[in-house]
Amino acid sequence: MKNKTFPGSHRLHPAWDQIRKFVLILLVLHSAGSVWGQVPSRVETVISGKTESPEEFRARMQWWKEARFGLFIHWGLYAVPAGQWGDETNHAEWIRTTAQIPLSDYEGLLGQFNPVNFDAREWVRLAKAAGMKYIVITTKHHDGFSLFDSKNTEFDVMSTPFRRDIMKELAGAAHEEGIAICWYHSILDWHHPDYLPRLDWEKDRSAEGADFDRYVAYMNNQLRELLTNYGKIGVLWFDGEWGGTWDRERGRDLYNYVKSLQPDIIINNRVGKGRMGMGGLTGEGSAAGDFGTPEQQIPATGIPGIYWETCMTMNDHWGYNRADTNWKTSRELIRMLADIASKGGNFLLNVGPTAEGVFPPEAVERLEAIGNWMSINGTSIYGTDASPFDSLSWGRCTRTGTPGGTRLFLHVFDWPPDGRLVVPGIFNSPEGAWLLAEAEQNSIPVSREEDALVLSLPGRTPDPDNSVVVLDVAGVPDVSFPPAIDTTVRIFIDTKDVLITTEMENVEIRYTLDGSVPTRSSRATEG
């Protein structure tokens, strides 16, 4: 880190809050480049108690990182009421507790679950056509109902009129198409007699005689079924770890147990304690799995050094809700995908199938639209690393390496009316640019203006949702970042010492105090 100090004799400009805009960083010697999106040099699988080398960890995570895009499926008995219980229509997968349904009444849904239109191959086809590389499905949600043939309970799909092992059919179809099949499994269970604690409102189910250790044994037995009867499983996506009976030690035991059954499997951080809310990160010193799980949100600046995946609904519910018409647009979802990839994350996009076993038509429409975009622009998502830029006013950026250089995928959300696409603060030499949508790769002129590269784009955008411009540059990304300016005083004063810091090495900082834009001839900081 480089520190610079303004001498105390200089008078500050009254518009102090704007001074950040008028600091010019001039590169003297090329820096080492960005490390966003990489894992730390020393990686520990802290939850297992065993040290895993960075190389081993990266190798295990590689297919998942390259995939970038997956399908989440929330499906179970709760699809039958379709979000409605009595006069209320705002329920979904949590309906057992949000509607406070007695267990005996909820068990009555078993006789109504008969998804005769379920077609595993069609579900996998829709996911693959959308450009998704993996599928995560609820083998058991919090209600305790299992969508697979379990020898450890009668509260499963084999006790319904359907009587088909849904996980077997879906795993088979996914394996045939080269899609990684992954299991969601709830640690929490509102049905099992040994799960504790009971729901607060559930006064008719006594906890007397309940044995949580016996429940854990039951859960492990089900996990053994899921990890030995269906071939290779890509991810075990746990949830429901927030109950007071679950702790870090149980999380470590569960992680180790799952890895003993499938050593190469990837496990999310909800296997243990320590997740800090819907942001999905795990607190320092807490037991954590292999990746973080932001829910219904995208981290503002990504999470450097950590694998993470944003899970998100297409509308306002995870499970099917017939009354929910608040669908995100295809444009929003395409841009979210680019945004997440530009920050080094994966996107797990949810669908809640109907009780008949089909995806809602609105979901199918959006999957098809995303697939059309991915069929042209998928190389700007798959296997890419996070953007080297802090922010870009017109869109996002993903990147990959090239022999001796870097390929920047510029995701242009707002096509410049004058055709001038300004890529700010980059010191690499350009080696070529073109539109990803053009098979001919017609060259786009690139010029330099101060610390920016300016691309002269054609007058009309190829895709109003997200047009991708490819920019090849020499070397690793060499990008400037505004220095941090620190002072203890935020009011109008006569003079004051100011500390300026930057993470960049071998740079020179020049500044002005009158609000004008700094140039190479402006005054340099001292120190």
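The values are calculated or read from the model by the stated rules, or taken from the named source; none is laboratory data. This is a predicted model, so every value here is computed, not measured. A quick note on method: Cβ atoms are made from the backbone with ideal geometry, for glycine too, and the neighbour counts reach across all protein chains shown. Just so you know, the surface numbers come from the protein's heavy atoms only, side chains and all, with ligands and any DNA or RNA stripped out. Shrake-Rupley method; radii C 1.70, N 1.55, O 1.52, S 1.80 Å.
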Answer residue from segment 83-97, given it is over 27 Å from the mean Cα position of the chain (by Cα) and open to solvent by less than 60 Å² (accessible area, probe 1.4 Å) and is nearest to Gly357 (Cα to Cα) among those: Arg96
I'd like to check which strands (runs of 3 or more DSSP E) are fully inside segment 396-438 and have at least 3 residues that are touching a residue at least 40 places away in the same chain (Cβ under 8 Å). 405-412, 430-435
Only one residue in Ile376, Ile370 is open to solvent by less than 10 Å² (accessible area, probe 1.4 Å), of a type outside the set (Ser, Thr, Tyr) and either in a strand (DSSP E or B) or at pLDDT 95 or above (or both). Which one? Ile370
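Given the condition of a type in the set (Phe, Trp, Tyr), under 30 Å from the mean Cα position of the chain (by Cα) and part of a loop (DSSP other than H, G, I, E, B), answer yes or no: does some residue in segment 196-205 qualify?
No, there is no match, as no residue in segment 196-205 is of a type in the set (Phe, Trp, Tyr), under 30 Å from the mean Cα position of the chain (by Cα) and part of a loop (DSSP other than H, G, I, E, B).
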Take the residues in segment 336-351 that are of a type in the set (A, V, I, L, M) and assigned to a strand (DSSP E or B); name whichever of them is farthest from Asp385 (Cα to Cα). Val351
Scan segment 173-186 and give yes if some residue there is assigned to a loop (DSSP other than H, G, I, E, B) and under 32 Å from the mean Cα position of the chain (by Cα), otherwise no. yes
Yes or no: segment 352-361 includes at least one residue that is open to solvent by 10 Å² or more (accessible area, probe 1.4 Å), outside any loop (DSSP other than H, G, I, E, B) and either touching a Pro at 6+ places or on another chain (Cβ under 6 Å) or in contact (Cβ under 8 Å) with a residue 12 or more places away in the chain (or both). no
Looking only at residues in segment 307-332 that are closer than 25 Å to Ser393 by Cβ and in contact with a helix residue (DSSP H, G or I) (Cβ under 6 Å, 6 or more places away or on another chain), which one is least open to solvent (accessible area, probe 1.4 Å)? Thr310
Answer with yes or no whether Glu450 is free of Cβ contacts under 8 Å to residues at least 24 places away in the same chain, more than 28 Å from the chain's Cα centre (by Cα) and either open to solvent by less than 10 Å² (accessible area, probe 1.4 Å) or closer than 16 Å to Val479 by Cβ (or both). yes
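Each row is one residue, and each column tells you yes or no for (1) outside any helix (DSSP H, G or I); (2) among the aliphatic types (A, V, I, L, M); (3) over 17 Å from the mean Cα position of the chain (by Cα).
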{"position": "Gln297", "(1), (2), (3)": "yes, no, no"}
{"position": "Gly305", "(1), (2), (3)": "yes, no, no"}
{"position": "Asn326", "(1), (2), (3)": "yes, no, yes"}
{"position": "Ile334", "(1), (2), (3)": "no, yes, no"}
Show me the helices (runs of 4 or more DSSP H) found entirely inside segment 64-162 where at least 1 residues are of a type in the set (Lys, Arg) and at pLDDT 95 or above. 95-98, 120-129
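Which count do you get for residues in segment 267-306 that are open to solvent by 30 Å² or more (accessible area, probe 1.4 Å) and either modelled with pLDDT under 95 or among the aliphatic types (A, V, I, L, M) (or both)?
14
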Subset of segment 153-176, residues farther than 23 Å from Asp189 by Cβ and open to solvent by less than 10 Å² (accessible area, probe 1.4 Å), comes to Ala173, Ala174
With the requirement that a residue be outside any helix (DSSP H, G or I), closer than 23 Å to Phe291 by Cα and either open to solvent by less than 80 Å² (accessible area, probe 1.4 Å) or of a type in the set (Asp, Glu) (or both), what does segment 212-244 give you? Gly231, Ile233, Gly234, Val235, Leu236, Trp237, Phe238, Asp239, Gly240, Glu241, Gly243, Gly244
